[in-house]
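Provided herewith is a single structure, encoded as structure tokens, for subsequent inquiry.
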Amino acid sequence: MQFMLLFSRQGKLRLQKWYVPLSDKEKKKITRELVQTVLARKPKMCSFLEWRDLKIVYKRYASLYFCCAIEDQDNELITLEIIHRYVELLDKYFGSVCELDIIFNFEKAYFILDEFLLGGEAQETSKKNVLKAIEQADLLQEVRRLCFLKAFRGQKHFAEQYS
Amino acid sequence: MPAVSKGDGMRGLAVFISDIRNCKSKEAEIKRINKELANIRSKFKGDKALDGYSKKKYVCKLLFIFLLGHDIDFGHMEAVNLLSSNKYTEKQIGYLFISVLVNSNSELIRLINNAIKNDLSSRNPTFMCLALHCIANVGSREMAEAFAGEIPRILVAGDTMDSVKQSAALCLLRLYKTSPDLVLMGEWTSRVVHLLNDQHMGVVTAAISLITCLSQKNPDEFKTCVSLAVSRLSRIVSSASTDLQDYTYYFVPAPWLSCKLLRLLQCYPPPEDGAVKGRLVECLETILNKAQEPPKSKKVQHSNAKNAILFEAISLIIHYDSEPNLLVRACNQLGQFLQHRETNLRYLALESMCTLASSEFSHEAVKTHIETVINALKTERDVSVRQRAADLLYAMCDRSNAKQIVAEMLSYLETADYSIREEMVLKVAILAEKYAVDYSWYVDTILNLIRIAGDYVSEEVWYRVIQIVINRDDVQGYAAKTVFEALQAPACHENMVKVGGYILGEFGNLIAGDPRSSPLVQFNLLHSKFHLCSVPTRALLLSAYIKFINLFPETKSTIQEVLRSDSQIRNSDVELQQRAVEYLKLSSIASTDVLATVLEEMPPFPERESSILAKLKKKKGPGAVSVNELEEGKREGGELNGGGERGGDSSAIASTPSPSADLLGLRTGPPVTAAAPSTGSLLVDVFSEAGVNDDGFLSTQVSKIYNTVLVVFGYFNKKILHIVPLNDLSERELVTINEQTPQGVFVMAPFLKMFRALTCTILLGLGMALLENVDPNPENFVCAGVIQTKAQQVGSLLRLEPNAQAQMYRLTVRSSKDTVSKRLCELLAEQF
């Protein structure tokens, strides 16, 4: 995988993970163009498209688009399931995850991603093991999470919408 | 509500994020961000040392601001400080910051590498993983230098935890991708391969990505992985869905691992060992069988995972290209998917079939689906799927279905998406040429292409049709007639005018007999488009006009009238003006013989690789056009000439016999072989590059060399010079080209320092063609030309080697007769 982008329907970038070295300017350009291209797609279209010399695999979960760029020889369907697995992990961790969770806990989203994918490749495909690793790390922390942060959230939980 | 406590929540950060989200405008957002940046800056610079929690909070805020899209130019030091903290969350944030905001400051890099080294040797698996993740995320050369030696050791050490091994494997992969020279596997190879047998599936999953990449670069060293991979795959495929526990995904056993194993096997040819091969074939058959079984779950995740393995298995079968039974089964399976409800599967089936089409075993099987594919092309709503269908049609095209496929592609082109038109045009052009039995069909197809998608018909395409028409006598009349008819359309594309202008200029005489296409009618038709065209087209048309004067003397006065008009001879474009003036002059003072020689019919083009194929390859990347296709193109291109004797490889350097008759423009002279240059570095062949240059220009030069003689120089497509002296140069003796008398005359003369451009102008002013990229020394000038006397033609080659330091130059002239060389040298020396 070359990179993964998460963005909202308004085109706001919520997460960007780059697995190839690119300058900031290039990243911004790619993001802009790709977001535009994907947002222009209609709902019934297929999840794959060719863009530049890459293959783009994307899927929408509620208000968030998950978009991966893979190389020519990579397997599209398995990438779709990588996206799904990531959503499952987020869902398990946050408990019915929604976009706001990712906005307010963006660093956690990155940490979870790193336990699952590294260097663009799947590292651990057992959901249990990934979550265990993250929870172990969490146990090393001392201060309990302030629960009232949950009050900020009122958005629909997007993980419910995947079928 | 999260089930597990998530540790500290950094309240300040959450408040800040809320503030940003509540900003009503971009300006408000920037204002708030600047306020926060100022705050953080002052805290960082402040007297009080910040505690870990605050540092973490501020660094995280900076990260958030950066991810919003704003530039951050401080905070690295604080982030690096966080790395050395013993608190996991602080380390985590520190690592995240520096892997997102990569900094190239060498001092910082040193500190970062130090922190990483400490964490790697800490024996705390969580810390080690953090460090490894960071290296994998950044993957810089400095990190590779520092850690490429250490990580393999961690990877294969017995006491390394599984989670650390996984991270180490992929970390090493990243380093290998960015700095392959620093990652030396040598002693670790067999241990790494052995990881395929590891008990922990996660370790295998990670290791296999590393092994796949390494095998691609060093297949021999890693070939022991093949049998291990096959047995692993076999165990997974035949396992029940309850065996693999955590690694079963929606009732599919270890889909990611299966796909990766199948990918790894695609790096190698089919296994030689019979037992291994047997097991593998059994595996593949099982996978194909499972596809036919009813699904265990209605969820799309189940079918995606199952089909992912299926498609990867099919890729492997295609890669092996040696088991006809499997290939046919794969083809049938894909055929089923072609009509599947799910768009994704139809898309992938079309894509896979493309590769299948090039295999000789399955090519026929693929062709049976042609109707389905054509239907997809017409009815699919999704443009990406339509495009795949078009690609497949291109791949499955052969003699038997070429006409049908080209027709379908042409009609698709009429409504196709603009972004794909150029590629479609190239493909149609290639197919039409490759499978043309009847070249009039080819001409029709290309002209149709221009009519339908003229804007996207690149130069290579219409150059090619002209090359073919010129090379094939049998289609010239048809081409002239068709082009004439096409031009009559009220709004015809400029490319059509270019093609029409050229063809009528060359072959208009073939249809001039018919009163409907008499010379004057042809001229008026072309001229009616003149003012609508761009400058290059007009230039081409002007050349066509002078050819008309030669072909049809009765049109001379009409055309001269046009050339004489102010809009031509006082045209603001230099090229057009020059051509108008020169053609006008040429038509008035040249005798019919001279005119006929200068404007003689273009000789057939020598064979070369189709530049269209090259352009398509460039567009799509190296994988798009198979080598077979290119070679076939070359072979089939031999038919281009209609079996004429002309031909032969023009790209031969030096001694191979080449049609240097073309080089020197001698249609009447004996075939001349390209002389071996004595210095070995001169390239005699003028046709060094593929592709035809712009039509040609005539340039009238009055040269001091020939005193009062008016000399007309010209060169056309192939840089052939016809130097036509209008006075007899009687002091020249009759010469014949004879390769056994290479002559070099060395002239040393002092000269003032010249600029290259000046030299070029002088050389070009002599009417010789300046050949670029011929001499290995870029300072030198190489020219070629033909001196045509009334009785003879003398070819000559010239090399000028300036030596700036010595303030001298060496001029070498070669032609077949000493006297000619000597005379030329003397004359040219006067110029310098």
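Provide a single number: the residues in segment A:102-123 that are touching a strand residue (DSSP E or B) at 6+ places or on another chain (Cβ under 8 Å) and in a helix (DSSP H, G or I).
Total meeting the criteria: 7.
Scan (1) touching a Leu at 6+ places or on another chain (Cβ under 9 Å); (2) more than 10 Å from chain B (Cβ to nearest Cβ); (3) without any contact (Cβ under 8 Å) to a residue 24 or more places away in the chain for the single condition residue A:98 breaks and write down its number.
Failing condition for residue A:98: (3).
Moving on. Given the criterion away from chain A (no Cβ under 12 Å) and within 23 Å of residue B:293 (Cα to Cα), identify the matching residue among B:377, B:338, B:348. Don't jump to the end; show me each part of the working.
Values: B:377 fails: within 23 Å of residue B:293 (Cα to Cα); B:348 fails: away from chain A (no Cβ under 12 Å).
Checking each option against the conditions leaves just B:338.
Considering segment B:107-126 alone, what residues qualify as being within 25 Å of residue B:74 (Cα to Cα) and in contact (Cβ under 8 Å) with a residue 12 or more places away in the chain?
Just the residues of segment B:107-126 that are within 25 Å of residue B:74 (Cα to Cα), to begin with: B:107-119.
Of everything in segment B:107-126, those that are within 25 Å of residue B:74 (Cα to Cα) and in contact (Cβ under 8 Å) with a residue 12 or more places away in the chain turn out to be B:108, B:109, B:111, B:112, B:113, B:115, B:116, B:117, B:118, B:119.
Here is a further query. Of the numbered conditions (1) surrounded by fewer than 18 Cβ atoms within 10 Å (Cβ to Cβ); (2) not in a helix (DSSP H, G or I), residue B:419 fails exactly one; give the number of that condition.
For residue B:419, the failing item is (2).
Mind listing just one residue for me: the one in segment B:80-103 that is closer than 21 Å to residue A:136 by Cβ and among the aromatic types (Phe, Trp, Tyr) and, of those, farthest from the other protein chains (Cβ to nearest Cβ)?
Among those residues, the one meeting the criterion is B:95.
Now a separate question. Which pairs turn up if I take residues in segment B:402-425 that are under 22 Å from residue B:436 (Cβ atoms) and look for partners that are part of a loop (DSSP other than H, G, I, E, B) with beta carbon separation below 7 Å, at least 6 apart in sequence or on another chain?
Every condition considered, the pairs that remain are B:402/B:435; B:405/B:397; B:422/B:458; B:424/B:416; B:425/B:457.
Mind counting the residues in segment A:114-130 that are more than 16 Å from the chain's Cα centre (by Cα) and either more than 7 Å from chain B (Cβ to nearest Cβ) or not charged (D, E, K, R) (or both)?
Residues flagged as more than 16 Å from the chain's Cα centre (by Cα) and either more than 7 Å from chain B (Cβ to nearest Cβ) or not charged (D, E, K, R) (or both) within segment A:114-130 amount to 2.
If we scan segment B:305-325, do we find a residue that is within 21 Å of residue B:255 (Cα to Cα) and among the basic types (Lys, Arg)?
If we filter segment B:305-325 for residues that are within 21 Å of residue B:255 (Cα to Cα), which is where we start, we get B:305-319.
Adding the requirement that they be among the basic types (Lys, Arg) leaves B:306.
Yes.
Answer with yes or no whether residue B:37 is surrounded by 15 or more Cβ atoms within 10 Å (Cβ to Cβ), part of a loop (DSSP other than H, G, I, E, B) and either away from every other protein chain (no Cβ under 11 Å) or touching a Cys at 6+ places or on another chain (Cβ under 6 Å) (or both).
Details: surrounded by 15 or more Cβ atoms within 10 Å (Cβ to Cβ): yes; part of a loop (DSSP other than H, G, I, E, B): no; either away from every other protein chain (no Cβ under 11 Å) or touching a Cys at 6+ places or on another chain (Cβ under 6 Å) (or both): yes.
The answer is no for residue B:37.
Run down B:236, B:208 and say which single residue is under 19 Å from residue B:313 (Cα atoms), within 11 Å of another protein chain (Cβ to nearest Cβ) and assigned to a helix (DSSP H, G or I).
Numbers: B:236 fails: within 11 Å of another protein chain (Cβ to nearest Cβ).
Matching residue, one of B:236, B:208: B:208.
Being touching a helix residue (DSSP H, G or I) at 6+ places or on another chain (Cβ under 7 Å) and either of a type in the set (A, V, I, L, M) or modelled with pLDDT of 90 or more (or both) narrows it down to one of B:594, B:574, B:521, B:497, so name that one.
On the way: B:594 fails: touching a helix residue (DSSP H, G or I) at 6+ places or on another chain (Cβ under 7 Å); B:574 fails: touching a helix residue (DSSP H, G or I) at 6+ places or on another chain (Cβ under 7 Å); B:521 fails: touching a helix residue (DSSP H, G or I) at 6+ places or on another chain (Cβ under 7 Å).
Criteria check complete, one pass: B:497.
What single numbered condition from (1) within 20 Å of residue A:137 (Cα to Cα); (2) of a type outside the set (A, V, I, L, M, F, W, C); (3) more than 13 Å from chain A (Cβ to nearest Cβ) fails to hold for residue B:106?
Condition not satisfied by residue B:106: (1).
I would also like to ask the following. Looking at segment B:269-296, I want the residues that are under 17 Å from residue B:313 (Cβ atoms) and have a partner that is in a helix (DSSP H, G or I) and among the aromatic types (Phe, Trp, Tyr) with Cβ atoms under 8 Å, at least 6 apart or on another chain. Which pairs are those?
B:269/B:320; B:270/B:320
Sort out for me the helices (runs of 4 or more DSSP H) sitting completely within segment B:527-613 that have 2 or more residues that are more than 20 Å from residue B:484 (Cα to Cα) and over 43 Å from the mean Cα position of the chain (by Cα). Reasoning before the result, please.
Details: elements: B:535-551, B:556-564, B:566-569, B:574-589, B:592-598.
Answer list for segment B:527-613: B:556-564, B:574-589, B:592-598.
Test residue B:454 against the criterion of being among the small types (Gly, Ala, Ser), under 27 Å from residue B:413 (Cα atoms) and open to solvent by less than 50 Å² (accessible area, probe 1.4 Å), and give yes or no.
Numbers: among the small types (Gly, Ala, Ser): yes; under 27 Å from residue B:413 (Cα atoms): yes; open to solvent by less than 50 Å² (accessible area, probe 1.4 Å): yes.
In short, yes.
Please go through segment B:120-144 and give me each residue that is within 14 Å of chain A (Cβ to nearest Cβ), open to solvent by 20 Å² or more (accessible area, probe 1.4 Å) and not in a helix (DSSP H, G or I), ordered by number.
Answer for segment B:120-144, where residues must be within 14 Å of chain A (Cβ to nearest Cβ), open to solvent by 20 Å² or more (accessible area, probe 1.4 Å) and not in a helix (DSSP H, G or I): B:122, B:124, B:140.
Regarding residue B:455, is this residue part of a helix (DSSP H, G or I) and closer than 18 Å to residue B:537 by Cβ?
Numbers: part of a helix (DSSP H, G or I): yes; closer than 18 Å to residue B:537 by Cβ: yes.
In short, yes.
Give the residues of segment B:155-165 that are outside any helix (DSSP H, G or I) and in contact with a Leu (Cβ under 7 Å, 6 or more places away or on another chain), sorted by residue number.
The initial filter retains those residues of segment B:155-165 that are outside any helix (DSSP H, G or I), namely B:157-161.
Those that are outside any helix (DSSP H, G or I) and in contact with a Leu (Cβ under 7 Å, 6 or more places away or on another chain): none in segment B:155-165.
Follow-up question, since we're still on this one. Taking only segment B:525-552 into account, find how many residues are under 13 Å from residue B:508 (Cα atoms) and open to solvent by 50 Å² or more (accessible area, probe 1.4 Å).
1
Let me ask something else about it. For segment A:72-90, name all the residues that are within 11 Å of chain B (Cβ to nearest Cβ) and in contact with a strand residue (DSSP E or B) (Cβ under 8 Å, 6 or more places away or on another chain).
Once the filter is applied, which keeps residues that are within 11 Å of chain B (Cβ to nearest Cβ) and in contact with a strand residue (DSSP E or B) (Cβ under 8 Å, 6 or more places away or on another chain), segment A:72-90 yields A:72, A:74, A:76, A:79, A:80, A:81, A:82, A:83, A:84, A:85, A:87.
I need the full set of residues from segment B:319-336 which are assigned to a helix (DSSP H, G or I) and surrounded by fewer than 23 Cβ atoms within 10 Å (Cβ to Cβ), in order please. First the steps, then the outcome.
From segment B:319-336, those assigned to a helix (DSSP H, G or I) are B:319-320, B:324-336; that's our starting set.
Matches in segment B:319-336: B:319, B:320, B:324, B:325, B:326, B:328, B:329, B:332, B:333, B:335, B:336.
Yes/no matrix, rows are residues, columns are (1) acidic (Asp, Glu); (2) surrounded by 17 or more Cβ atoms within 10 Å (Cβ to Cβ); (3) part of a loop (DSSP other than H, G, I, E, B):
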| site | (1), (2), (3) |
| --- | --- |
| B:118 | no, no, no |
| B:146 | no, yes, no |
| B:153 | no, no, no |
| B:167 | no, yes, no |
| B:181 | yes, no, no |
| B:184 | no, no, yes |
| B:195 | no, yes, no |
| B:213 | no, yes, no |
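Going by the conditions given, is residue B:245 modelled with pLDDT under 90, open to solvent by 10 Å² or more (accessible area, probe 1.4 Å), at positive phi and not basic (Lys, Arg)?
Values: modelled with pLDDT under 90: yes; open to solvent by 10 Å² or more (accessible area, probe 1.4 Å): yes; at positive phi: yes; not basic (Lys, Arg): yes.
Yes: the conditions hold for residue B:245.
Going by the structure shown, is residue B:268 of a type in the set (Phe, Trp, Tyr), open to solvent by less than 40 Å² (accessible area, probe 1.4 Å), under 22 Å from residue B:210 (Cα atoms) and out of contact with any strand residue (DSSP E or B) (no Cβ under 6 Å at 6 or more places or on another chain)?
Values: of a type in the set (Phe, Trp, Tyr): yes; open to solvent by less than 40 Å² (accessible area, probe 1.4 Å): yes; under 22 Å from residue B:210 (Cα atoms): yes; out of contact with any strand residue (DSSP E or B) (no Cβ under 6 Å at 6 or more places or on another chain): yes.
In short, yes.
How many residues are surrounded by fewer than 21 Cβ atoms within 10 Å (Cβ to Cβ) and assigned to a helix (DSSP H, G or I) if we restrict to segment B:169-179? Break it down into steps so the answer makes sense when it comes.
To start, the set of residues in segment B:169-179 that are surrounded by fewer than 21 Cβ atoms within 10 Å (Cβ to Cβ) comprises B:177-179.
Next cut, assigned to a helix (DSSP H, G or I) only: B:177-178.
The qualifying residues number 2.
Looking at segment A:2-70, what strands (runs of 3 or more DSSP E) fall wholly within it and have at least 2 residues that are open to solvent by 20 Å² or more (accessible area, probe 1.4 Å)? Let's see the steps before the verdict.
On the way: elements: A:3-8, A:13-18, A:48-51, A:54-61, A:64-70.
Once the strands (runs of 3 or more DSSP E) in segment A:2-70 are filtered for at least 2 residues that are open to solvent by 20 Å² or more (accessible area, probe 1.4 Å), what remains is A:13-18, A:48-51, A:54-61.
The values are calculated or read from the model by the stated rules, or taken from the named source; none is laboratory data. Only a predicted model underlies this, so the values are computations on that prediction, with no experimental measurement involved. Every residue, glycine among them, receives a Cβ derived from its backbone with ideal geometry; neighbour counts consider all protein chains shown. Surface areas here come from the heavy atoms of the whole protein model, side chains and all, with no ligands, DNA or RNA. Shrake-Rupley method; radii C 1.70, N 1.55, O 1.52, S 1.80 Å.
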